[in-house]
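**Student:** Quick one: the structure is below, and I'll ask about it shortly.
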Amino acid sequence: MVDFIVNELRHKRILILGFGREGKSSLKFITEKLMDAETGIADQQAIDLSSIKLHHNQKLHLHTGPDYLKAIPDYDLVLKSPGISLRGVPTGKARISSQTDLFLAYFAHQVIGISGTKGKSTTSTLIHHILSAAGFDSILTGNIGIPCFDIMHRITDESLVVFELSANQLENVRHSPHIAVLLNIFEEHLDHFGTYEAYRQAKYNLMRYCQPGDTMICHRDVWPSDALCKANRLLFPTEPAIVTVPPLSLPGQHNSLNIEAALLAVALAGVPLDEARRHVRSFKGLPHRIELVGTFGGVTFYNDSIATIPEAAIAAIRTIEKVDFLILGGFDRGIAYQSLIDFLSANPVQHILFTGEAGKRISEGLHLAGTNSAMHYFDSMSEAMKIVDKLAKDGNTCLLSPAAASYDQYKNFEQRGDLFKQLALNFRNP
């Protein structure tokens with residue numbers, strides 16, 4: 001199958017658009033398989049090639065700086081990294097593709113693809129865990145942080161590829177997985193897509209190109225129409241529910257839904273339901289997802305830094321039930337916060353700490369709603385912890401569940417969560 005992808009790229013002027021993890025993976029693949037290909041790399045930032053082994057005859061063009069997107073029309077094929085938006089950008093006759101698009105074109109029959117605004121990493125990792133524990137050759141890739149070109153050499157005819165797919169990865173695909181899982185769709189990534197409808201349609205690409213014989217596992221609230229998808233459909237929650245009480249490593253009703261989707265997927269792959277349930281119990285939850293950090297200085301801390309939308313923060317509060325300090329806010333992507341404002345008005349938290357432009361907008365909404373919560377503002381995570389230190393009593397609980405992206409202060413949500421955990425571990429430690 002790798003040869004098919006090589007042939008797809010051969011005799012084309014190829015532009016690698018974005019030089020992060022996936023862009024470097026694409027260059028490595030081209031360098032190893034198409035050493036004579038004329039290749040360009042475009043990125044807003046300076047491009048460091050020191051870790052890449054290039055052939056002496058390789059034709060490589062670099063396009064950097066604020067006008068890096070202007071290089072697109074000069075190429076035949078563009079391998080776009082997921083984080084780059086081309087809204088309103090002239091692309092000429094260049095074909096916009098990606099690792100994901102090329103991979104699915106030739107490996108879709110072996111792929112279990114998982115998407116959703118929230119829960120896709122947990123569900124993807126859980127499916128991989130169950131399949132591996134059941135003796136299948138399962139390979140995890142995608143938005144989880146593993147470029148799909150990096151795992152192609154491991155794929156055999158017996159392999160099952162568990163592919164976590166973000167909306168950004170699905171934006172330009174023309175192929176769908178053999179087994180596709182759509183967990184949910186909430187308003188998110190409006191800075192990239194411009195509108196919620198554009199974001200939603202990107203998610204539906206997960207099923208739009210399914211073929212007869214494929215299966216689509218979809219939350220019944222977001223199933224679009226039978227006309228959009230030719231695949232067999234399995235809707236969840238099922239009746240009766242196949243998940244009653246989630247394990248302690250995956251608390252909350254939202255995780256019950258994630259587990260149910262995973263069980264339906266692995267059953268299609270051939271894992272008996274009772275065996276799959278046993279393997280769920282041995283699964284350890286991922287970091288930054290209602291993660292119990294521990295109790296320090298009499299205060300219990302939970303890290304839910306992955307919560308970048310209101311629905312995720314609401315789910316975390318419902319799961320923990322007793323939250324005394326709630327840390328909200330960050331980078332404002334323009335999503336609606338009324339659902340969170342309504343929830344916190346009806347279920348007040350004693351102290352709410354706000355940061356960033358998103359925090360300002362949420363706090364203004366709560367002020368207009370006449371909240372009973374004490375509201376505090378902070379600029380840094382260490383400042384937030386000082387507020388908690390000053391006001392918290394033994395037995396209190398502090399939850400980081402920001403309902404906003406992290407990019408105003410941090411590289412990503414992991415960095416935000418790691419800092420929170422570090423400060424919690426040293427809370428009231430003389």
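The values are calculated or read from the model by the stated rules, or taken from the named source; none is laboratory data. Just so it is clear, the model here is predicted, and its values are computed rather than measured. As a convention, Cβ positions derive from the backbone with ideal geometry for all residues, glycine included, and neighbour counts pool all protein chains shown.
**Student:** Going by what's in this entry, would Thr371 be described as among the hydroxyl-bearing types (Ser, Thr, Tyr), under 26 Å from the mean Cα position of the chain (by Cα), more than 14 Å from Asp324 (Cβ to Cβ) and not assigned by TED's automatic domain parsing to the domain that holds Gly83? Working first, answer last.
**Tutor:** Values: among the hydroxyl-bearing types (Ser, Thr, Tyr): yes; under 26 Å from the mean Cα position of the chain (by Cα): no; more than 14 Å from Asp324 (Cβ to Cβ): yes; not assigned by TED's automatic domain parsing to the domain that holds Gly83: yes.
It is false that Thr371 is among the hydroxyl-bearing types (Ser, Thr, Tyr), under 26 Å from the mean Cα position of the chain (by Cα), more than 14 Å from Asp324 (Cβ to Cβ) and not assigned by TED's automatic domain parsing to the domain that holds Gly83.
**Student:** Here's a follow-up. So, Ser132, is that one at pLDDT 95 or above, in contact with a Leu (Cβ under 7 Å, 6 or more places away or on another chain) and assigned by TED's automatic domain parsing to the domain that holds Lys203 or not? First the steps, then the outcome.
**Tutor:** Working: at pLDDT 95 or above: yes; in contact with a Leu (Cβ under 7 Å, 6 or more places away or on another chain): no; assigned by TED's automatic domain parsing to the domain that holds Lys203: yes.
Judged against the criteria, Ser132 is not a match.
**Student:** I want to confirm something. Restricting to segment 350-404 and keeping residues that are assigned to a strand (DSSP E or B) and of a type outside the set (A, V, I, L, M, F, W, C), which single residue is nearest to Ala315 (Cα to Cα)? Working first, answer last.
**Tutor:** Taking segment 350-404 and keeping what is assigned to a strand (DSSP E or B), we get 351-355, 374-377, 397-400.
Filter once more, so that each one left must be of a type outside the set (A, V, I, L, M, F, W, C): 351, 355, 376-377, 397.
Working: His351: 18, Thr355: 20, His376: 22, Tyr377: 23, Thr397: 16 Å.
Filtering first and then ranking leaves Thr397.
**Student:** Specify the residue that is modelled with the lowest pLDDT; the eligible residues are those in segment 53-75 that are part of a loop (DSSP other than H, G, I, E, B) and surrounded by 15 or more Cβ atoms within 10 Å (Cβ to Cβ). Lay out the reasoning, then the answer.
**Tutor:** So in segment 53-75, the residues part of a loop (DSSP other than H, G, I, E, B) come out as 53-58, 65-67, 75.
Now narrow it down to the ones that are surrounded by 15 or more Cβ atoms within 10 Å (Cβ to Cβ): 58, 75.
Numbers: Gln58: 76, Tyr75: 98.
Per the stated criteria, the residue is Gln58.
**Student:** Cβ contacts < 9 Å: first residue in the same structural domain as Gln350 (by TED's automatic domain parsing) and surrounded by fewer than 24 Cβ atoms within 10 Å (Cβ to Cβ), restricted to segment 384-406; second residue of a type in the set (S, T, N, Q) and assigned to a helix (DSSP H, G or I), any location; separation 6+ or different chain. Result?
**Tutor:** Note: pairs meeting the criteria are Ser406/Gln415.
**Student:** In addition: Restrict the check to segment 249-271 and report whether at least one residue is farther than 22 Å from Tyr410 by Cα, touching a strand residue (DSSP E or B) at 6+ places or on another chain (Cβ under 9 Å), not basic (Lys, Arg) and not assigned by TED's automatic domain parsing to the domain that holds Tyr204.
**Tutor:** No: zero hits.
**Student:** Which of the residues that make up segment 122-154 are of a type in the set (A, V, I, L, M) and out of contact with any helix residue (DSSP H, G or I) (no Cβ under 7 Å at 6 or more places or on another chain)?
**Tutor:** We begin by selecting, within segment 122-154, every residue of a type in the set (A, V, I, L, M); these are 126-127, 130-131, 133-134, 139-140, 144, 146, 151-152.
Ile146, Ile151, listed by residue number.
**Student:** Kindly establish whether Ile259 is assigned to a loop (DSSP other than H, G, I, E, B) and in contact (Cβ under 8 Å) with a residue 12 or more places away in the chain. Reasoning before the result, please.
**Tutor:** On the way: assigned to a loop (DSSP other than H, G, I, E, B): no; in contact (Cβ under 8 Å) with a residue 12 or more places away in the chain: yes.
For Ile259, the condition - assigned to a loop (DSSP other than H, G, I, E, B) and in contact (Cβ under 8 Å) with a residue 12 or more places away in the chain - is not met.
**Student:** Looking at segment 34-82, which of its residues are small (Gly, Ala, Ser) and over 13 Å from Leu17 (Cβ atoms)?
**Tutor:** In the first step, residues of segment 34-82 are kept if they are small (Gly, Ala, Ser); the result is 37, 40, 42, 46, 50-51, 65, 71, 81.
Residues satisfying the conditions are Ala37, Ala46, Ser50, Ser51, Gly65.
**Student:** Any residue in segment 409-430 that's more than 11 Å from Phe301 (Cβ to Cβ) and assigned by TED's automatic domain parsing to the domain that holds Cys398: show its pairings with residues that are of a type in the set (Gly, Ala, Ser) and in a helix (DSSP H, G or I) at Cβ separation under 8 Å, as long as the two are six or more apart or on different chains.
**Tutor:** Close Cβ pairs satisfying both conditions: Gln409/Gly356.
**Student:** Any idea which residue in segment 174-213 is surrounded by the fewest Cβ atoms within 10 Å (Cβ to Cβ), counting only those that are among the acidic types (Asp, Glu) and under 10 Å from Thr117 (Cβ atoms)?
**Tutor:** Going through segment 174-213, the residues among the acidic types (Asp, Glu) turn out to be 187-188, 191, 197.
In the following step, the residues that additionally are under 10 Å from Thr117 (Cβ atoms) were identified as 187-188.
Values: Glu187: 19, Glu188: 22.
Here the residue is Glu187.
Here's the yes/no breakdown for (1) assigned to a loop (DSSP other than H, G, I, E, B); (2) in contact with a helix residue (DSSP H, G or I) (Cβ under 6 Å, 6 or more places away or on another chain); (3) touching a residue at least 24 places away in the same chain (Cβ under 8 Å):
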residue: His11; (1), (2), (3): yes, no, no
residue: Gly23; (1), (2), (3): no, no, yes
residue: Thr31; (1), (2), (3): no, no, yes
residue: Met35; (1), (2), (3): yes, no, no
residue: Ile41; (1), (2), (3): no, no, yes
residue: Ser51; (1), (2), (3): yes, no, yes
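**Student:** Could I ask something else about it? When residues of segment 82-102 are filtered for being in a loop (DSSP other than H, G, I, E, B) and either of a type in the set (Gly, Ala, Ser) or touching a residue at least 60 places away in the same chain (Cβ under 8 Å) (or both), how many remain?
**Tutor:** To start, the set of residues in segment 82-102 that are in a loop (DSSP other than H, G, I, E, B) comprises 82-94, 98.
Narrowing further to those that are either of a type in the set (Gly, Ala, Ser) or touching a residue at least 60 places away in the same chain (Cβ under 8 Å) (or both): 82-85, 87-88, 92, 94, 98.
Total satisfying the criteria: 9.
**Student:** Being among the aliphatic types (A, V, I, L, M) and in a loop (DSSP other than H, G, I, E, B) is the filter; apply it to segment 136-160 and report the residue that is nearest to Gly113 (Cα to Cα). Show your work before the answer.
**Tutor:** Here is the first cut: in segment 136-160, the residues among the aliphatic types (A, V, I, L, M) are 139-140, 144, 146, 151-152, 155, 160.
Next cut, in a loop (DSSP other than H, G, I, E, B) only: 144, 151, 155.
Numbers: Ile144: 12, Ile151: 15, Ile155: 16 Å.
Selected residue: Ile144.
**Student:** Does Gly88 count as surrounded by fewer than 14 Cβ atoms within 10 Å (Cβ to Cβ), under 25 Å from the mean Cα position of the chain (by Cα) and small (Gly, Ala, Ser)? Break it down into steps so the answer makes sense when it comes.
**Tutor:** Details: surrounded by fewer than 14 Cβ atoms within 10 Å (Cβ to Cβ): yes; under 25 Å from the mean Cα position of the chain (by Cα): yes; small (Gly, Ala, Ser): yes.
Criteria met by Gly88.
**Student:** For segment 195-226, which residues satisfy the criterion of being aliphatic (A, V, I, L, M) and either under 28 Å from Leu86 (Cβ atoms) or in the same structural domain as Ala336 (by TED's automatic domain parsing) (or both)?
**Tutor:** Of the residues in segment 195-226, the ones aliphatic (A, V, I, L, M) are 198, 202, 206-207, 216-217, 222.
Result: Ala198, Ala202, Leu206, Met207, Met216, Val222.
**Student:** Any idea how many residues of segment 103-135 are among the basic types (Lys, Arg) and part of a helix (DSSP H, G or I)?
**Tutor:** Step one: of segment 103-135, the residues among the basic types (Lys, Arg) are 118, 120.
Next, from what is left, pick out any that are part of a helix (DSSP H, G or I): 120.
So the answer is 1.
**Student:** Can you name every residue in segment 371-380 that is surrounded by 18 or more Cβ atoms within 10 Å (Cβ to Cβ) and hydrophobic (A, V, I, L, M, F, W, C)?
**Tutor:** Phe378
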